[in-house]
Structures are given as C-alpha cells and as structure tokens.
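Single-structure report; data block below.
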Amino acid sequence: MKSARFTVRGAMDQRTAIVFFGGYGGACAGLERAGVRVRLAVDGWDAACIAHRRWMPETPVVRARCEAAPVNGARPWLLWASPSCKPYSMANRTPKRGKAHREYYSTALLVRQAVAMGARWLVMENVGGLLWSREGKVELAEMRTEARRLGLRWNASIVNSNTCGVAQIRRRLF
C-alpha cells in the first residue's frame, strides 16, 4: 500500500492534536473522548494504518516515518507520541536495545519536532523500562537535556493504565 498524501498546514484551533506512532488508533480514540480533535495520525506500519482507517475513518492517517511526517507549518496544541516500546521493554531479551534496536526513535528529536511545529504540549507515553533500563535512562537524559536547552519544562510520571479506564494493570511512563 502506498502512503496516503495528507498535509496539515497553518494554524490549528486550541485542543487539536497530531499523533505520531498512531498505531491502531487507541491514543486517537482516547484523545477524541477527552475533547481533543485529532487532525492527523502518522505511523510507518502499513497494517496499523489500515486498521486505524477502519476503526476511525474520520481521522486522517498517513503512512510515513515520523521523522518525515508531512506537517508543514502545522501548529497543534498537542503532539502525542507513542513510539515503539521494544527498545526499552524489560520483556525485550535481545541484545539490541536502546539505540541499537531497529525501532529506536530519538526522544530528543521528538522534542525538536514539537518545538518546530509550535505545539504547546508534547506528551510521550512508553513502557516503564524507558525510566528503569540502562538504555532508557540514557535516552531520557538526552530528552531532558534537549528540553532544557530549548527552554522547556520537562516532567515524567508513571501511571497505572487501569486508573485511566484501561482494563489492564500495566504501568506506563508519560
């Protein structure tokens, strides 16, 4: 399947979002239920984009690498990102973790992308291993350094999924 062609241009209203690593659409559905209008979801996995379009046909979905997302001049209120957890998951027993993992995505790049878009907020969610693993600690230190370099405030919180209405007891890092 070819990548969809969709470009978000210009200013957006308050309470709008662009979602990177949109997957099957769970984050988009949650944001919509919370009153945030998702203007675009981006994911590089064809199967996820197909499922996302079926489940949430009103949300534009683009198949693209997030570092090359077609958001020319968009100014979302929120950039939400759920990058692959495999580089930091404690369940990943392969020797390729962190930057060595093929699904690695730089969190410092994510900060720069949010600033370049003019997003008011950047929210990234991932596994607790990003906070606890050796590779994750390095990654978060780079993210924190980039945020501070750009004059931004940075915070990390662990949330148990079931406190947000999700029928599981996984801890997620936000």
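Structure values in brief
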item: Any hit, region 6-19, residues being in contact with a Ser or Thr (Cβ under 8 Å, 6 or more places away or on another chain), crowded, with 16+ Cβ neighbours inside 10 Å and within 27 Å of residue 146 (Cα to Cα); result: yes
item: Residue match in region 78-98 (condition: assigned to a helix (DSSP H, G or I) and either modelled with pLDDT under 90 or out of contact with any strand residue (DSSP E or B) (no Cβ under 9 Å at 6 or more places or on another chain) (or both)); result: yes
item: Single residue of 25, 44 found to be more than 18 Å from residue 117 (Cα to Cα), in contact with a Phe, Trp or Tyr (Cβ under 7 Å, 6 or more places away or on another chain) and modelled with pLDDT of 80 or more; result: 25
item: Condition broken by residue 39, with the remaining ones in (1) charged (D, E, K, R); (2) in a strand (DSSP E or B); (3) touching a residue at least 40 places away in the same chain (Cβ under 8 Å) satisfied; result: (3)
item: Near pairs, Cβ below 7 angstrom, 6+ apart or cross-chain, from region 132-146 (free of Cβ contacts under 8 Å to residues at least 24 places away in the same chain) to any residue that is surrounded by fewer than 19 Cβ atoms within 10 Å (Cβ to Cβ) and basic (Lys, Arg); result: none
item: Residue list for region 101-112, restricted to those being surrounded by fewer than 20 Cβ atoms within 10 Å (Cβ to Cβ) and assigned to a helix (DSSP H, G or I); result: 108, 109, 112
item: Count of residues meeting criterion [open to solvent by 30 Å² or more (accessible area, probe 1.4 Å) and within 18 Å of the chain's Cα centre (by Cα)] in region 126-136; result: 1
item: Filter result (open to solvent by less than 20 Å² (accessible area, probe 1.4 Å) and over 15 Å from the mean Cα position of the chain (by Cα)) within region 53-87; result: 56, 59, 74
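The values are calculated or read from the model by the stated rules, or taken from the named source; none is laboratory data. Predicted, not measured: the structure shown is a model, and the values here were computed from it. Neighbour counts are summed over all protein chains in view; Cβ atoms, including those assigned to glycine, are modelled from backbone coordinates with ideal geometry. Areas reflect the complete protein model, heavy atoms only, side chains present, ligands, DNA and RNA absent. Shrake-Rupley method; radii C 1.70, N 1.55, O 1.52, S 1.80 Å.
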